[in-house]
Amino acid sequence: MRDIKCKRITKAVSRLFQEACVYLPEDVLTAIKQARKNEESPAAKDVLDRILENAEIARKEKIPLCQDTGTAVVFLELGQEVHITGGDLYSAIDEGVRQGYEEGYLRKSMVRQPYSARVNTEDNTPAIIYTDIVPGDKLKITAMPKGAGAENMTRLTMLLPASGRQGIIDFVVKTIDEAGSNACPPLIVGVGIGGTAERTLILAKKALLRGVGKPNPDAEVAELERELLKRINNLGIGPMGYGGRTTALAVHIEVLPAHIASLPVAVNLQCHSARHKEVVL
Amino acid sequence: MAKRVALPLTVETLKELKAGDNVLLTGVMYVARDAAHKRMVEALDQGKPPPFDIKGQTIYYMGPTPARPGRVIGSAGPTTSGRMDVYTPRLIAAGLRGMVGKGMRSPAVKDALKKYQAVYLAAVGGTGALISKSIKRSEVIAYEELGTEAICRIEVEDFPVTVINDIYGSDLYQEGKAKYRVNDS
């Protein structure tokens with residue numbers, strides 16, 4: 001067994017959210033620069049230039065890239081040889097969110113009782129935490145400040161197995177078309193296929209963490225990613241919906257086996273401010 | 001080239017604005033989002049005046065991050081306008097002349113824009129650091145207890161927006177998409 005103290009986890013979570021909100025990851029920047037080169041639409045070029053300029057200002061002046069510093073989503077890969085000491089793991093993560101959002105001048109965007117009073121929790125907790133138990137004696141923490149504009153356009157469907165590949169294409173393309181400018185394109189499109197209803201939604205969200213444009217290792221899935229990207233960019237929505245070639249920077253699909261009667265498909269969208277940061281303790 | 005436009009917007013100015021135009025706004029706007037809209041419309045329903053005189057004014061749909069010491073405001077980009085659609089026709093009828101946000105509006109809002117002569121403008125979502133540079137003053141004027149959702153009066157200089165819906169019924173989101181759409185066989 002290897003001990004990891006809760007205090008260390010709290011500190012890591014605080015730092016991850018603060019850094020994620022001001023530094024756009026390199027792979028995202030590279031993808032946006034590439035899109036800028038390929039664009040034909042003058043309005044789209046202008047939007048992409050502003051996105052790049054914004055990233056530069058955020059980085060230099062420590063101003064959050066976007067005022068929506070998100071729901072604090074945390075993915076854990078917890079080695080089964082790890083022993084958490086000095087408190088409980090999820091409270092340590094919430095404390096990290098509390099400290100990070102305060103120290104980093106990040107916006108607290110969570111409301112209690114979301115269907116009625118909607119009173120702000122004032123510290124951006126609770127974090128939304130997903131834990132995978134894995135072999136080993138390390139703890140990997142991924143912080144993902146998830147903005148609501150893109151999150152609100154999430155869709156889940158339980159297709160008939162007979163719908164197959166074409167059914168998936170129709171559903172994903174329709175989802176992006178309906179999301180239009182609301183989700184802040186250019187997007188990264190996360191798609192979960194298989195598993196159960198709730199599992200495929202988590203798959204779709206996890207797919208957003210993959211390096212932008214890195215294909216699924218399965219050739220058949222990678223081919224579907226390429227076709228979907230082409231179809232989505234043919235919609236013409238473009239950056240911020242002003243019209244253009246770049247509606248999505250990438251489509252990332254994750255697949256799991258499913259029941260003989262089921263074909264669950266989920267789409268979770270990531271806006272161009274694709275913020276996430278990881279650390280291994 | 002971007003047109004420079006003074007706030008508050010005049011009826012004459014609105015006639016010059018066409019969907020797709022890039023505009024730099026200078027003057028005063030009011031910041032309000034979900035919770036503030038709910039309260040303003042409740043006030044109107046009860047026959048009470050809203051916290052500022054809406055007539056001729058422009059509302060920016062935004063909830064900033066906290067300002068670091070010595071700064072006017074934190075990150076300050078637009079939020080999704082569609083969530084305000086249920087309240088907006090009422091405010092347009094009360095004299096609201098401009099809105100700044102991002103994302104699509106409902107048919108009811110677009111009808112109100114034409115009927116009462118108002119415009120919907122968009123700022124680039126996800127560029128709150130850049131946009132904060134054109135905000136020169138910010139003060140909370142109402143509903144302070146709402147925190148980031150309080151109503152603020154802001155003074156802006158060359159604040160960059162694009163006209164989405166003009167008074168003539170054009171919609172940049174539909175026109176832009178149609179122009180670059182490729183039909184899949």
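In the frame of its principal axes, region A:128-174 has Cα extents of 43, 30, 13 Å, reported largest first.
Listed from fewest to most Cβ neighbours within 10 Å, the set A:ARG118, B:ARG83 follows the order A:ARG118, B:ARG83. Note on B:SER81, B:SER170, B:SER75, B:SER138: ascending count of other Cβ atoms within 10 Å places them as B:SER170, B:SER138, B:SER81, B:SER75, the fewest first. Taking only the C-alpha atoms of region B:3-176, Rg followed by Dmax gives 14.8, 44 Å. Taking the number of Cβ atoms within 10 Å of each Cβ as an exposure proxy, the fewest-first ranking of A:VAL134, B:VAL161, B:VAL11, B:VAL5 is B:VAL11, A:VAL134, B:VAL5, B:VAL161. Size descriptor for region A:170-281, Kirkwood hydrodynamic radius: 14.2 Å (Cα pairs only, one decimal). If one computes the Cα centroid of region A:192-213 and of region B:24-92, what distance in Å separates the two points? Taking the Cα centre of each part, region A:192-213 and region B:24-92 sit 36 Å apart.
Of A:LYS60/A:LYS277; A:LYS62/A:LYS108; A:LYS33/A:LYS174, which pairs sit farther than 25 Å apart, going by alpha carbon to alpha carbon? In this structure, A:LYS33/A:LYS174 exceed 25 Å between Cα atoms.
Of the GluC sites (Glu not before Pro) found in region A:16-95, those that fall in a DSSP loop while having at most 14 other beta-carbon atoms within 10 Å are A:GLU40, A:GLU81. The alpha carbons of region B:76-133 stretch over 35, 18, 15 Å along the principal axes, in descending order.
Averaged over the residues of peptide B:117-126, the number of Cβ atoms from other protein chains lying within 10 Å of each residue's Cβ is 6. Overall size of region B:118-176 from C-alpha positions, given as principal axis extents largest first: 40, 23, 19 Å. Of all lysines in the structure, those lying under 19 Å Cα to Cα from B:LYS15, and not within fewer than 8 positions of it along the same chain, are B:LYS3, B:LYS55, B:LYS110, B:LYS114, B:LYS115.
Measuring from each cysteine beta-carbon in chain A, the ones with no other cysteine beta-carbon under 4.7 angstrom are A:CYS6, A:CYS21, A:CYS66.
Each of A:CYS271, A:ILE169, A:MET158 was scored by the projection of its Cα onto the charge dipole of region A:149-274, and the greatest displacement toward the positive side belongs to A:CYS271; charges sit on the C-beta of Lys, Arg, Asp and Glu. Positive end of the dipole of the protein assembly as shown (Cβ unit charges, origin at the Cα centre): among B:GLN57, A:TYR23, A:LEU224, the Cα lying farthest that way belongs to B:GLN57.
Legend: mean number of C-beta atoms from other chains within 10 angstrom of residue C-beta atoms, peptide A:42-49, equals 3. Based on alpha carbons, the Rg and Dmax found for chain A are 19.1, 58 Å. Placing +1 on each Lys and Arg Cβ and -1 on each Asp and Glu Cβ, with no other charges, gives region A:164-281 a dipole about its Cα centre of roughly 300 debye. Of the GluC sites (Glu not before Pro) found in region A:200-233, no site is in coil according to DSSP while having at most 10 other Cβ atoms within 10 Å of its Cβ.
Only the Cβ atoms of Lys and Arg (+1) and of Asp and Glu (-1) were treated as charged; on that basis the dipole of chain A about its Cα centre amounts to roughly 300 debye.
Shielding of peptide A:105-113 by partners, expressed as the average count of other chain Cβ atoms within 10 Å per residue Cβ, is 4.
When +1 charges are put on Lys and Arg Cβ atoms and -1 charges on Asp and Glu Cβ atoms, the dipole computed for region B:3-176 relative to its Cα centre reaches about 100 debye.
Comparing Cα centroids, region A:215-272 and region A:21-49 end up 18 angstrom apart.
Read-outs throughout are calculated quantities, based only on the coordinates presented, and are distinct from any laboratory measurement. These figures come from a predicted structure and were not determined experimentally. Reconstructed Cβ throughout: ideal geometry from the backbone, glycine too, with neighbour counts over all protein chains shown.
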